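Peer 1: Starting off with a structure, shown below.
The values are calculated or read from the model by the stated rules, or taken from the named source; none is laboratory data. None of these values were measured; they are calculated from a predicted model. Cβ placement follows ideal geometry from the backbone for every residue including glycine, while neighbour counts extend to all protein chains displayed.
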Amino acid sequence: MFDKKQILNRQITILKDHKKVKLQKLIKEAGEAGRILSTAKTLEEARSRIFKYINELEYQLLNKTEKSNRNIIDDWLTMETTKILKKIFSKTSEEKAGFSTLKTLWILMRKPEENLDKISETFISEFIHLFSALNGRTRYGDGWR
């Protein structure tokens, strides 16, 4: 028979495993943004490179410089997400919030396993959705052309 401590420890293990799965999904969904964050040597380098990436993506969508099979809903979501991420990652927002979301992501992407316990599952889930939208992979517009 299991005692309460064994059951609790098993539940904690299950939750940690679930969080690791979410982390892997975040890394996958982040794509190029994740690579930028994981390779930047400083927070300011990460900020500069991520803004350049987001701005380039925005330019490509606005000017249709890349051939795409994406539908207009996914393009619209990507455009909205570029605005959201630029606000979230801005120094102005950090000063107002008293917290750096970009720093948290940068630390997490550089050493995911080491920093997993410091990040909430909700934070990870939120950025899975944001990066999915940024990369046009939400599938909200399936069937629309």
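Peer 1: Pull out all pairs, ordered by first then second residue, where Cβ-Cβ is under 8 Å, the residues are six or more apart or on different chains, the first lies in segment 37-66 and is outside any helix (DSSP H, G or I) and surrounded by 12 or more Cβ atoms within 10 Å (Cβ to Cβ), and the second is at pLDDT 95 or above and among the small types (Gly, Ala, Ser).
Peer 2: From segment 37-66, the pairs are Ala40/Ala46.
Peer 1: Where residues in segment 40-75 are closer than 20 Å to Ile88 by Cα and hydroxyl-bearing (Ser, Thr, Tyr), which of them is nearest to the chain's Cα centre (by Cα)?
Peer 2: Tyr53
Peer 1: Can we say Ile84 is surrounded by fewer than 16 Cβ atoms within 10 Å (Cβ to Cβ) and either modelled with pLDDT of 95 or more or β-branched (Val, Ile, Thr) (or both)?
Peer 2: Spelling it out, Ile84 is indeed surrounded by fewer than 16 Cβ atoms within 10 Å (Cβ to Cβ) and either modelled with pLDDT of 95 or more or β-branched (Val, Ile, Thr) (or both).
Peer 1: Could you list, in sequence order, the residues of segment 86-134 that are within 17 Å of Lys22 (Cβ to Cβ), in contact (Cβ under 8 Å) with a residue 24 or more places away in the chain and polar (S, T, N, Q)?
Peer 2: The answer is Ser125, Ser132.
Peer 1: Let me ask something additional. Which one of these does Asn69 not meet: (1) within 26 Å of Glu45 (Cβ to Cβ); (2) without any contact (Cβ under 8 Å) to a residue 60 or more places away in the chain?
Peer 2: Checking Asn69 against (1) within 26 Å of Glu45 (Cβ to Cβ); (2) without any contact (Cβ under 8 Å) to a residue 60 or more places away in the chain, the one that fails is (1).
Peer 1: Same structure again: Among Arg137, Arg70, Arg47, Arg145, which is the only one that is at pLDDT 95 or above and either over 30 Å from His18 (Cα atoms) or basic (Lys, Arg) (or both)?
Peer 2: Being at pLDDT 95 or above and either over 30 Å from His18 (Cα atoms) or basic (Lys, Arg) (or both) holds for just one of Arg137, Arg70, Arg47, Arg145, which is Arg47.
Peer 1: Scan segment 121-137 residue by residue and report those that are crowded, with 18+ Cβ neighbours inside 10 Å and among the hydroxyl-bearing types (Ser, Thr, Tyr).
Peer 2: Ser132, the sole residue that qualifies.
Peer 1: Within segment 95-105, how many residues are among the charged types (D, E, K, R) and over 21 Å from Leu134 (Cα atoms)?
Peer 2: Residues flagged as among the charged types (D, E, K, R) and over 21 Å from Leu134 (Cα atoms) within segment 95-105 amount to 2.
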